[in-house]
């Protein structure tokens, strides 16, 4: 039996960790490529798309801006290694740059959730659009998703999870993922893991999510946590991110299939563990089987005959041939 569980996509989230520095961007890209992540994502920041000059972090946003040619170079590297490139976009200019750099998809963060025009243009431009639903009231989410065409719904992955720098374990509310899956069955569902990158939960939380059956897992990556570069709090360093990816894919086969029919291994287990009808005493051919004549017991695997699992299948029946005590009362023995 083949599994109907599709391989989960793992996104290495660089976010703003490249700090607008070309060399740092190269190093983070190398680490993300070597990690084996399916996709690598950056926040494509242009200050004037995000904030006014008076905003507290405007200058930080300005420092993150990089030339379009650099993003094209990064795109080429990632694609040469068979991985995907995603960008967080915050306006028409970053959408244009993402398209020019031949990104495989874009993400609209909670910041852009109510920017319906940008969402529609992203859907018109890309085949893969990630929409963050963190912190969004369900009524607002219903309204947005009901406006997306059936064809475009196939493009969308809804990402749950929020950054509390880091997000405490008990605030993740992972059961919401089940609710989202049931409420929006035509959309892919993903999880943004913002657990503390220094704790064991940074490895384990996504394993829990894997069991829920999400399509995508996003986790921050950094060069070295000791450097404390931008967006490091929830990040794993490049080496540990590789271990993270390996662990996810190592445990992924355990999901198997949701098909409730028995596998060959389960059938074999049932045969080994299950009790079947046996005679409690020597029984002669032509005898009518009474309840006190039989019981349920395990028998050797090599016992010949079709095994019966319930006493009511034989009580009141006539034996076609004699059966010795502790021997199988098979379907072939009764008439």
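Taken together, the values in this text are just the output of simple stated rules run on the coordinates, not laboratory data. Note that this is a predicted model, so its numbers are computed, not measured. Reconstructed Cβ throughout: ideal geometry from the backbone, glycine too, with neighbour counts over all protein chains shown.
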Here the FRET efficiency for residue 69 versus residue 260, based on Cβ atoms and R0 = 41 Å and rounded to 0.05, is 0.15
Springs between alpha-carbon atoms under 10 Å, Gaussian network over the chain: tell me which of 140, 218, 151 tops the mean-square fluctuations. 151
Where labels lie 7 Å past Cα in the beta-carbon direction, separation of residue 249 and residue 301 in nm: 3.4
Can you tell me the 0 to 90 degree angle between the C-alpha axis of helix 68-80 and the longest principal axis of the chain, rounded to 10? 20
Given C-alpha coordinates of the chain, what is the ratio Rg to Rh with the Kirkwood estimate of Rh? 1.25
For residue 208 and residue 228 in one chain, what is 0.36 nm times their gap in residues minus the Cα-Cα distance, to one decimal in nm? 4.5 nm
Relative to the longest principal axis of the C-alpha atoms of the chain, give the angle of the C-alpha long axis of helix 22-35, reported between 0 and 90° and rounded to the nearest 10°. 10
Quick one: P(r) of region 86-129 from all Cα-Cα pairs, 10 Å bins, percents rounded to integers, in order of increasing distance. 33, 62, 5
Which value in nm describes the separation of the simple spin-label points at residue 315 and residue 52, placed 7 Å from the Cα toward the beta carbon? 8.4
Per-residue [θ]222 nm for the chain (sum of -39500 (n - 2.57) over DSSP H runs n ≥ 4, rounded to 500): -10000 deg cm²/dmol
Compute the FRET efficiency between residue 81 and residue 270 as 1/(1 + (r/R0)^6), taking r as their Cβ-Cβ distance and R0 = 41 Å, and round to the nearest 0.05. 0.35
Rounded, prolate or oblate: which one fits region 1-160, using the alpha carbon gyration tensor with axes a ≥ b ≥ c (rounded when a/c is under 1.5, else prolate when a/b beats b/c, else oblate)? oblate
So which residue, out of 147, 195, 94, gets the largest mean-square fluctuation from a GNM of the chain using Cα contacts under 10 Å as springs? 147
So which residue, out of 291, 13, 226, gets the largest mean-square fluctuation from a GNM of the chain using Cα contacts under 10 Å as springs? 291
Return the percentage of antiparallel bridges among DSSP beta bridges fully within the chain, rounded to the nearest 5 %. 20
Using 11 Å as the cut-off for backbone N distance, which residues of region 296-335 belong to the label zone defined by a point 7 Å from the Cα of residue 282 along Cα→Cβ? 323-325
What would the Debye equation give as log₁₀ I(q)/I(0) for region 111-239 at q = 0.15, 0.18 Å⁻¹, counting only Cα atoms as equal point scatterers? -0.75, -1.01
To test your reading of the geometry: what angle, between 0 and 90 degrees and rounded to tens, separates the Cα axis of helix 238-251 from the longest principal axis of the chain? 30
Run through the DSSP bridge list for region 171-329 and note the antiparallel percent, rounded to the nearest 5. 55
How long are the semi-axes of the ellipsoid equivalent to region 40-109, from square roots of 5 times the Cα gyration tensor eigenvalues, in whole Å, largest first? 23, 11, 10
Quick check: Cα centre of region 266-335 to Cα centre of region 7-33, how many Å? 65
When N counts the residues of region 264-333, how does its alpha-carbon radius of gyration compare numerically with 2.2 N^0.38 Å, as a ratio? 1.07
